[in-house]
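Report on one structure; see the data block that follows.
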Amino acid sequence: MAFAETRLIDRLPKVRGRLTEGSALSAVTWFRVGGPADVLFKPADLEDLAQFLKQKPDDVPVTVIGVGSNLLVRDGGIEGVVIRLGRGFTEIRANGTTISAGAGALDLNVALSARDAGIGGLEFLSGIPGTIGGALRMNAGAYDSDVSQVFQHADALNAKGELHRLGKLEMAFTYRHSGVPEDWIFVGGAFAGQPGDSKAIHARIQEIQSKREESQPIRARTGGSTFVNPVGHKAWKLIDDAGCRGLRKGDAMVSDKHCNFLINSGNATAADIEALGEEVRRRVRDKSGVELAWEIKRIGRPAAKGRITNGDQE
């Protein structure tokens, strides 16, 4: 007699947040593509997340996502548990010239909170479409600054749910990268600014927003900057010189407005977008000899498996 396979959600510890089976991740990524999470976990708060990590089976993989702005989820979805930090991780506090923020706080909201507190030097965050957790993970930067330049400390849970406070040496920052183990989850960070005039800070934020509007396809279904700028080069220029502006694969397209942005112009699949990116890399390599590295994080299975179900464990 055959026995039914135990569902993943039934093997997971009880939580105060929400566990959802077969949750569609295409609804939360900016590309609007990708398969489901086997199980999506939205922890209620830090303690809920820590206890989950301590108690979950060791063989269950965990993936953390933010608002999905710099992320390509493959069409087969993501194995194991996907963790998305919500309201319990969005608090922002100002103390003197320091801003502390939860990993789920939007980068823009941190910049605006700094403005309201008269703290300058964090305006660049308004040009990064993501959360503080992602900004810490990839040393996010824009408009002549990055996280490493304003970093004070970060708090992260290791795979066993133990909380660690990390200084700059432990972060091991490099260009668009931190050296913290991939299975650690950032839960918050603190950033140092300097005294500033709120009106001047506001003007700088407005300037950044205007520049983004003019130069980037921010209203399209995109994942932000696709490739890291190689040393001594601008990725967009290499892509343009290789004749890739407007290049398409299905409904996946290289932006006419900014060549380092890929766009879902209709019903593109994640496979379409990833294949287009690889074709861009090939053409740039053939034209210039430069190897472009992906900045967008690509995760998940390449082809759909099984039936999508919907069910909640409260």
Shape call for the stretch 223-287, from the Cα gyration tensor axes a ≥ b ≥ c (a/c under 1.5 means rounded, otherwise prolate when a/b beats b/c, else oblate), comes out prolate
For Rg and Dmax of the Cα atoms in Å, the choices are (i) 20.1, 74; (ii) 22.6, 81; (iii) 20.4, 61; which was calculated from the structure? (i)
Any residue on another chain or 5+ positions along whose placed amide H is under 5 Å from the amide H of VAL64 is listed here as ILE83
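Any number yet on Rg/Rh for the stretch 8-84, C-alpha, Kirkwood? Kindly include the intermediate steps, with their values, before the conclusion.
Values: Rg = 12.1 Å, Rh = 12.6 Å.
Result for the stretch 8-84 is an Rg/Rh of 0.96.
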Tell me which residues come under 5 Å, amide H to amide H, from HIS153 once H is placed; ignore anything under 5 positions away on its chain. ALA190
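Under a Cβ-Cβ cut-off of 11 Å, what is the net charge of the residues other than GLU274 that fall near it, where Lys and Arg count +1 and Asp and Glu count -1? Could you put the intermediate results ahead of the total?
On the way: positive: ARG74, LYS249, ARG281, ARG298; negative: ASP75, ASP272, GLU278, GLU279.
Surrounding charge for GLU274 is 0.
For the stretch 90-201, what relative contact order do you get, as a whole percent, if you take Cα pairs closer than 8 Å and at least 6 residues apart?
Working: 250 pairs, mean separation 36.2, N = 112.
Averaging sequence separation for qualifying contacts and normalising by length gives 32 percent for the stretch 90-201.
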Please identify, among ILE299, ILE132, ILE78, the residue showing maximal mean-square fluctuation in a Gaussian network model of the chain using a 10 angstrom Cα cutoff. ILE299
Say we join alpha carbon atoms closer than 10 Å with springs in a Gaussian network model of the chain; which of HIS258, HIS153, HIS233 then has the biggest fluctuation? HIS233
In order over the stretch 7-12: 3J(HN,Hα) from phi, Karplus 6.51/-1.76/1.60, θ = phi - 60°, whole Hz, x for each Gly or Pro, gives 5, 4, 4, 6, 8, 8
Given contacts defined as C-alpha pairs under 8 Å and at least six residues apart, what's the relative contact order of the chain, whole-number percent? 20
The set of residues whose placed amide H lies less than 5 Å from the amide H of ALA268, leaving out same-chain residues fewer than 5 positions away, is ASP251
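No lab work stands behind these numbers, since they all come straight from the coordinates. As the structure is a prediction and not an experimental result, all values here were calculated from the model. Because the Cβ atoms are built from the backbone with ideal geometry, glycine has one as well, and the counts that use them run over all protein chains shown.
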